[in-house]
1. Would you list the strands (runs of 3 or more DSSP E) that sit entirely within segment 1-65 and hold 3 or more residues that are surrounded by 12 or more Cβ atoms within 10 Å (Cβ to Cβ), at pLDDT 90 or above and not small (G, A, S)?
2. So, in segment 139-172, exactly how many residues are closer than 15 Å to A76 by Cα and touching a Leu at 6+ places or on another chain (Cβ under 8 Å)?
3. Within segment 109-183, considering only strands (runs of 3 or more DSSP E) that don't extend past its boundaries, which have at least 2 residues that are loosely packed, with under 14 Cβ neighbours inside 10 Å and at pLDDT 90 or above?
4. Within segment 77-108, work out how many residues are assigned to a loop (DSSP other than H, G, I, E, B) and modelled with pLDDT of 60 or more.
5. Scan (1) touching a Lys or Arg at 6+ places or on another chain (Cβ under 7 Å); (2) closer than 30 Å to G176 by Cβ for the single condition V28 breaks and write down its number.
Amino acid sequence: MAYRLLIFERKPGEWIQIRADAESRDEVGVSVDDLRRIAERLVDRPRPVADLVRFANLPDGLKPGTVTSDPATGAAVAFVGPSDQVRVYPYWSGVFTHDEGARVWVGVGNIHELAVGFTPGEPVRREIRVDGRRVWLMAGRPPDRPSAVVILDGNLGVAVSATGLTDEQLARFAAGINPGPDL
């Protein structure tokens with residue numbers, strides 16, 4: 001794989017990445033000057049944000065770090081601490097993946113995709129009922145990062161992986177997650 005890449009700070013604190021990918025260097029077809037011309041023509045305008053996931057109980061001291069989505073699999077949200085760096089992953093792999101810097105990671109979508117990318121083979125260590133929902137607490141990988149799974153309707157589910165939460169906090173948080181109307 002070959003690519004051309006331009007990363008620049010457009011405004012203080014606003015970083016832009018423009019990337020052109022191809023199978024080989026000869027196929028990229030875009031020069032660095034082309035990327036600069038694209039950058040010069042960027043225009044600010046309002047853009048609606050998709051309402052993908054709703055949280056009833058957000059643990060204290062967390063802020064959204066990354067949000068990714070794919071129509072076939074669902075949405076993923078990583079939460080970081082108040083002083084943690086927010087990371088941006090511009091490419092969606094189609095499978096739920098963890099942001100290693102996240103304190104709490106949430107996936108909402110196709111429960112089969114969540115199970116493959118998130119909780120493969122993890123044993124259920126405890127079941128808790130919260131507001132009528134069954135929450136399965138799983139052994140974590142690593143052990144200090146336990147996870148929880150909630151099956152919603154049909155093939156739709158929630159998976160959460162967290163550090164620093166008790167079982168009860170993790171279960172309450174997971175049980176309060178719902179898909180938004182745009183998921």
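The values are calculated or read from the model by the stated rules, or taken from the named source; none is laboratory data. Keep in mind that this is a model prediction, so the values were computed, not measured. Virtual Cβ from ideal backbone geometry, glycine too; neighbours counted across all protein chains shown.
1. Details: elements: 2-11, 14-22, 53-55.
Of the strands (runs of 3 or more DSSP E) lying wholly inside segment 1-65, those with at least 3 residues that are surrounded by 12 or more Cβ atoms within 10 Å (Cβ to Cβ), at pLDDT 90 or above and not small (G, A, S) span 53-55.
2. Restricting attention to segment 139-172, the residues satisfying the condition of being closer than 15 Å to A76 by Cα are 147-150, 156-162.
From the residues that got through so far, the ones that are touching a Leu at 6+ places or on another chain (Cβ under 8 Å) too are 147-149, 157-160, 162.
Result for segment 139-172: 8.
3. On the way: elements: 124-130, 133-138, 147-151, 156-162, 177-179.
So the answer is 124-130.
4. Narrowing segment 77-108 to residues assigned to a loop (DSSP other than H, G, I, E, B): 81-103.
Imposing the further condition that a residue be modelled with pLDDT of 60 or more reduces the set to 81-85, 101-103.
Here the count works out to 8.
5. (2)
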